[in-house]
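See below for the structure under consideration.
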Amino acid sequence: MKNEPINWDKIPEVISADTLYKICHISKSTARYLLQSGKIPCEYTGKQTRCYKIHKQDVIDYLENRKVFPESYSAPRGWYSGRYTIKMQAQVPAVVLDELRKYYTQLLAKYPDVIRASEVAKLTGYGRTAVNNWCHKGRLLSFKNKGINHVPKQYLIEFFCSTYFRSIVRKSRWHVQTLKEFARRNQFCRSSKSGGAI
């Protein structure tokens, strides 16, 4: 039943949270997390019932993006209680990672082969302290020159593709935009190869 395709023509342009979790086959707790965290955009009305207004297109985008980066939509530890859980894949398919590397390689084409930590912070929208912590903990491979962390571009690309980076809960605006742009490109490629069918 869950594998049946969704007839989007029968879905209203604006739906409630109840409709959301039924369409996406997720728990109410998961739906609440996705809405409250902003991972699925919505309008909060403040009412006791039907307090969320969700646009159909945002649900379509969520389902497409979840196919590419399922772990990006998992709730942080401690969110769930009782039996409401959702299991996300720890890794994305190798073919997706290969395309992701190509995407970030193109994105960083104009940058030098070695980038300072301060430039990485400026590029990604994350604080300089966060970037230096990634370097210090070995999550982002780097070397020091005159006390300043320097990151080889090839290591930065690998870091962007890592599960750790993709799973950051509070993503920067740049991070969110790049993931959405990659998902859109991936969707277009799949559509083109299948003659328009997704």
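Just so you know, all these numbers are worked out from the coordinates, no wet-lab data involved. Since the structure is predicted, the reported quantities are computational estimates derived from the model, not experimental observations. When we count neighbours, we look across all protein chains shown, and the Cβ atoms used for this are built from the backbone with ideal geometry, even at glycine.
Tabulated data for the structure shown
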quantity	calculated
Inter-probe distance in nm under a simple model that places probes 7 Å from Cα toward Cβ, at Glu43 and Lys110	3.7 nm
Lysine pair count for region 8-73 [Cα-Cα under 21 Å; pairs on different chains or 8 or more apart]	19
Arg170-Asn145 pseudo-label distance in nm [points 7 Å out on the Cα-to-Cβ vector]	3.2 nm
Lys10-Cys51 FRET efficiency (beta carbon distance; Förster radius 25 Å; 0.05 resolution)	0.60
Using a Förster distance of 25 Å, the FRET efficiency for Asp58-Gln177 (Cβ separation, nearest 0.05)	0.95
Table column - 3J(HN,Hα) (Hz), region 102-109, Karplus curve with 6.51, -1.76, 1.60, x for Gly and Pro	4, 4, 5, 4, 5, 5, 9, 4
Mean Cα-pair separation over length for region 8-73, i.e. relative contact order, pairs under 8 Å, 6 or more apart, %	35 percent
Modelled FRET efficiency - R0 22 Å, Ser162 with Lys122, Cβ distances, 0.05 increments	0.60
Sequence-distant residues sharing a close amide H with Tyr52 (under 5 Å, placed H)	Ala17, Thr45
Set of aspartates and glutamates near Lys171 by C-alpha distance (under 20 Å), chain-local residues within fewer than 8 positions excluded	Asp58, Asp61, Glu64, Glu71, Glu119, Glu158, Glu181
